[in-house]
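Trainee: One structure, pasted below without further comment.
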Amino acid sequence: MRAKTYFHSDSRPFAEGYQTRSLYPYVKRGLEVLLSLGLLLFTLPVMILAAFAIKLESPGSVFYKQERVGHRGRNFQVIKLRSMRTDAEKNGPQWAAKNDPRVTKVGQFIRKTRIDELPQLINILRGDMSLIGPRPERPMFTDQFDKEIPGFKNRLAVKPGLTGWAQVNGGYESTPAEKLEFDLYYIRKQSFKLDLQILWKTVLVVFTGDGAR
């Protein structure tokens, strides 16, 4: 089945005005592959401990896969450590809420520390994601926000990220419209300096748990 895309009928992307012509995205790809490999090896013991804790607390797989919309509208399967009950979406897809009752006790901890996001390093190595970029949304929410927020699909001009300008400045509490503003700012201004700033803010978020649900 052909991946869904978000282009005009004349084949020009909605995000055309946000495409960058600099060489930095290519440099960034090489750096993030090396960094992701290092992080994957460094955090492997943490993921193994988290996986054991998840398995002890609730039945089901320790991993969670979900379809997300990536670069230029191409869908992919994001990989995370499971932080909710296996029947979390028995009533249909829904956004995580503050103090969400579907989140397990182990899930609360790995969400607060962002440990549940670590398997996405595999997505980065596969080329589905970038280390830094807009948060990947689910197809149904991408369609919904695109109807409600003009220009929402412009964030698809770059690969989605494990962390990003929107994630460290607003986190889960930001509205989709607010996240879009952060995302478009990053797409326009992306640079090595800005990426270092985002990585530093990400470290602070991990240690403080700011913005977690």
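Trainee: Can you tell me which residues in the range 35-74 are under 29 Å from Ile187 (Cβ atoms) and either in contact with a Ser or Thr (Cβ under 9 Å, 6 or more places away or on another chain) or surrounded by 18 or more Cβ atoms within 10 Å (Cβ to Cβ) (or both)?
Mentor: Ser36, Tyr64, Arg68, Val69, Gly70, His71, Arg72, Gly73, Arg74
Trainee: Go through the range 47-69 and give me each residue that's in a helix (DSSP H, G or I) and over 19 Å from Val103 (Cβ atoms). Break it down into steps so the answer makes sense when it comes.
Mentor: First, pick out the residues of the range 47-69 that are in a helix (DSSP H, G or I): 47-57.
The answer is Ile48, and nothing else.
Trainee: Which ones in the range 166-186 are in a helix (DSSP H, G or I) and either surrounded by fewer than 12 Cβ atoms within 10 Å (Cβ to Cβ) or of a type in the set (D, E, K, R) (or both)? Give the steps one after another, and end with the answer.
Mentor: Restricting attention to the range 166-186, the residues satisfying the condition of being in a helix (DSSP H, G or I) are 166-169, 171-173, 176-186.
Within the range 166-186, Glu173, Glu178, Lys179, Glu181, Asp183 qualify.
Trainee: Is there any pair linking a residue in the range 111-124 that is closer than 11 Å to Leu39 by Cβ to one that is acidic (Asp, Glu) and part of a helix (DSSP H, G or I), with Cβ under 8 Å and at least six apart or on different chains, and which?
Mentor: Listed by first residue and then by second, the contacts come to Ile124/Glu32.
Trainee: Quick test of your reading of the structure: Asp128 fulfils all but one of (1) within 27 Å of Phe52 (Cβ to Cβ); (2) not in a loop (DSSP other than H, G, I, E, B). Name the failing condition by number.
Mentor: Of the numbered conditions (1) within 27 Å of Phe52 (Cβ to Cβ); (2) not in a loop (DSSP other than H, G, I, E, B), the odd one out for Asp128 is (2).
Trainee: Here's a follow-up. Just need a number here: residues in the range 187-202 that are part of a helix (DSSP H, G or I) and either surrounded by 13 or more Cβ atoms within 10 Å (Cβ to Cβ) or among the basic types (Lys, Arg) (or both). Give the derivation first.
Mentor: Within the range 187-202, the first condition is being part of a helix (DSSP H, G or I), and the residues that meet it are 187-189, 192-202.
Pick out the ones that are also either surrounded by 13 or more Cβ atoms within 10 Å (Cβ to Cβ) or among the basic types (Lys, Arg) (or both) and you get 187-189, 193-195, 197-199, 201-202.
Counting residues in the range 187-202 that are part of a helix (DSSP H, G or I) and either surrounded by 13 or more Cβ atoms within 10 Å (Cβ to Cβ) or among the basic types (Lys, Arg) (or both) gives 11.
Trainee: Which of the residues that make up the range 127-161 are among the hydroxyl-bearing types (Ser, Thr, Tyr) and either farther than 27 Å from Tyr24 by Cβ or surrounded by 24 or more Cβ atoms within 10 Å (Cβ to Cβ) (or both)? Even if it seems obvious, please write down each step before you answer.
Mentor: Looking only at the range 127-161, we keep the residues that are among the hydroxyl-bearing types (Ser, Thr, Tyr), and these are 130, 142.
Selection gives Ser130 alone.
Values quoted throughout were computed directly from the atomic coordinates according to the rules given, and no laboratory measurement underlies them. Since the structure is predicted, the reported quantities are computational estimates derived from the model, not experimental observations. Please note: Cβ atoms are built from the backbone with ideal geometry, for glycine as well, and neighbour counts cover all protein chains shown.
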